[in-house]
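J.: Got a structure for you, written out below as structure tokens; questions coming shortly.
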Amino acid sequence: MNTIILKFGGSSVADNIKLNVVAKKIINLKKEAKNIVVVVSAQGKTTDRLIKEAQELSAVPDEREMDMLLSTGEQVTISKLSILLNRMGYPTVSLTGWQAGIETNKIYGSAKIKKIYINRIEKELKRGKIVIVAGFQGFNENGDITTLGRGGSDTTAVALQAALKADKCYIFSDVDGIYSADPNMITFAKRLDEITFDEMQEIADAGAKVLHNRCIQIGKKFGNDIIAKSTFTDEGGTRVCEGIENRDVKSIVKNDSLITVIMNNKNGVTNEQGYEIYKNLLEENIIVEWFERDSNSFKFRIKKAELNKVQKLLDSKFPEYEIVLEDFVKLSIIGYGIIQDNVILNQTMDILKEYNVEVIKISLTQSKIEIVLDDITEETMELLHKKLIRKER
Ligand code: ASP
Ligand code: MG
């Protein structure tokens, strides 16, 4: 079966004019394959708006109801796109996550795909339909709607590629590929023609909002390349694939969406208390990046977006601690084998020193230098980019 998956992000489907562009793109790509499966995100900033509206009703909204609410965004897009393509003479069918057979685990808000029952999609494809699937959602064993976490439509697309054994998966957005830095911040950022799954994984984990981090794991596991391209031009594009890694720095990512929570107790803290706190965080499915104990405190890093939830938990279960929050910026310099190359670390340190950047912590892995800072200016980011990626003297 000759099948391709086309995923369109929120800004590509933001309004009726853009939906028309997307529809034409889909019709054009029909030349490439017999079967077309389209995955879409919610329109524009719909998901942000829905989250904000819910938080106006409750600071910590019920998670099951949040998934019920957020899944409506994608449902609007699939039906609109389907209405349009049908009118243009192309038979289509829109399917929500559960109609498309996407079964997930129970965790609302960050559910993982367990299995995809492909019979419905296959039946529709056999009937000659273009199948349009709502990204970012599935159903769990309670029969409830779940969502896969912010940006999760990419993961829906790559998971469908694996389940349907599709030949290709295109991730279309308003950017024409993967860049060495956020092109909105660094104007001369370089587009990469190719990047390995491992490097891409580091970039996504570092906090760059390019591809959902879990879709990269799935692509690597099933050996399926992912092609990131622009909806609005045929030029450019980046292929995420297995590759022979070279030692170049591929990307520099600044992440300011995390926060350090410090729990002080003047009477000292024990190992047992640490276990207790950590266990409670895990039970609430909070992603803890890092957890540390010293004589009078516990420290850990979480996403700012989860702060309300964590504060509620700490207030109710651990009222004896004084809570202090510390803002920081995480800088990640990514490229395979970076740890073997002192030159890169040296250059980085020289630049940070020259600009008086306050360095809090440095850690190294095979393909990443991670530096925790109090803050970093655009100018410093640009210079790092010039020296490490463009190799200017
Ligand atoms: N609509 C969801 C979000 O904004 C999922 C996605 O766009 O991939 O996070
Ligand atoms: Mg996205």
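The values are calculated or read from the model by the stated rules, or taken from the named source; none is laboratory data. This structure is a prediction, so every number in the text was calculated from the model and none was measured. FYI the Cβ positions are ideal-geometry reconstructions off the backbone, even for glycines, and counts take in every protein chain you see. Heads up: the accessible areas ignore ligands, DNA and RNA and are worked out on the full protein's heavy atoms, side chains in. Shrake-Rupley method; radii C 1.70, N 1.55, O 1.52, S 1.80 Å.
J.: Give, rounded to the nearest 20 debye, the magnitude of the charge dipole that segment 50-108 has about its Cα centre when Lys and Arg contribute +1 at Cβ and Asp and Glu contribute -1 at Cβ.
T.: Here segment 50-108 has a charge dipole of around 360 debye.
J.: Report, in deg cm²/dmol and to the nearest 500, the calculated mean residue ellipticity at 222 nm for the chain, where each DSSP H run with n ≥ 4 adds -39500 (n - 2.57) and the sum is divided by the residue count.
T.: -11000 deg cm²/dmol
J.: State the Cα centre-to-centre distance between segment 129-176 and segment 246-315 in whole Å.
T.: The distance from the Cα centre of segment 129-176 to that of segment 246-315 comes to 30 Å.
J.: Could you report the chain's accessible area per residue, 1.4 Å probe, as an integer in Å²?
T.: Roughly 48 Å² per residue, with all protein chains present.
J.: Report the FRET efficiency, 1/(1 + (r/R0)^6), for residue 308 and residue 17, where r is their Cβ-Cβ distance and R0 is 56 Å, rounded to 0.05.
T.: Computed FRET efficiency for residue 308 and residue 17 comes out at 0.95.
J.: Here is a follow-up. Please report, to two decimal places, log10 I(q)/I(0) for the chain at q = 0.15 Å⁻¹ as given by the Debye formula with identical point scatterers on the Cα atoms and no solvent.
T.: At q = 0.15 Å⁻¹ the computed log10 ratios are -1.38.
J.: Give me Rg over Rh for segment 1-146, both radii from the alpha carbons and Rh done the Kirkwood way, two decimal places.
T.: Value, to two decimals: 0.99.
J.: Where does helix 16-29 land angle-wise versus the long Cα axis of the chain, in degrees 0 to 90, nearest 10?
T.: The angle comes out at about 70 degrees.
J.: Give the value in nm², to one decimal: projected area of the alpha carbon convex hull of segment 283-393, averaged over all directions.
T.: Averaged projected hull area, Cα only: 9.1 nm².
J.: Using a probe of 1.4 angstrom, how much of the accessible area of the chain is carbon and sulfur, in percent?
T.: 48
J.: To continue, here is another question. Please say if segment 184-253 is rounded, prolate or oblate, where rounded means a/c under 1.5 for a ≥ b ≥ c the square roots of the C-alpha gyration tensor eigenvalues, and otherwise the choice is prolate for a/b larger than b/c and oblate otherwise?
T.: rounded
J.: Along the charge dipole of segment 281-393, which of 388, 290, 321 sits closest to the positive end, that is, farthest toward it, with unit charges on the beta carbon of Lys, Arg, Asp and Glu (+1, +1, -1, -1)?
T.: Working it through, the farthest residue towards the positive pole turns out to be 388.
J.: Here's a follow-up. Do any chymotrypsin sites (Phe, Trp or Tyr not before Pro) in segment 119-188 lie in a DSSP loop with no more than 14 other beta carbon atoms within 10 Å, and if so, which?
T.: Within segment 119-188, the qualifying chymotrypsin sites (Phe, Trp or Tyr not before Pro) (loop, at most 14 other Cβ atoms within 10 Å) are 188.
J.: Just to confirm the number: angle between the C-alpha axis of helix 153-163 and the first principal axis of the chain, 0 to 90 degrees, nearest 10?
T.: 60
J.: When Rg is the radius of gyration of the Cα atoms in segment 268-334 and Rh is its Kirkwood radius, what does Rg/Rh come to?
T.: That ratio equals 0.97.
J.: Next question, about the same structure. Using only the Cα atoms of segment 125-175, build the gyration tensor, take square roots of its eigenvalues as a ≥ b ≥ c, and label the shape rounded, prolate or oblate: rounded if a/c is under 1.5, else prolate if a/b is larger than b/c, else oblate.
T.: oblate
J.: Mind checking the angle between helix 46-57 and the chain's longest principal axis? C-alpha axes, 0 to 90 degrees, to the nearest 10.
T.: Approximately 60 degrees, to the nearest 10.
J.: When a/c reaches 1.5 or more, the comparison of a/b and b/c decides; with that in mind, is segment 87-191 rounded, prolate or oblate per its Cα gyration tensor?
T.: Oblate.
J.: Starting from the Cα-Cα distance between residue 342 and residue 107, subtract it from 0.36 nm times their residue separation and give me the gain in nm to one decimal.
T.: Taking residue 342 through residue 107 to full extension adds about 80.4 nm, to one decimal.
J.: Also, quick follow-up: At q = 0.15, 0.29 Å⁻¹, what is the base-10 log of I(q)/I(0) for segment 81-133 according to the Debye formula with one equal point scatterer per Cα and no solvent? Please give it to two decimals.
T.: -0.49, -1.06
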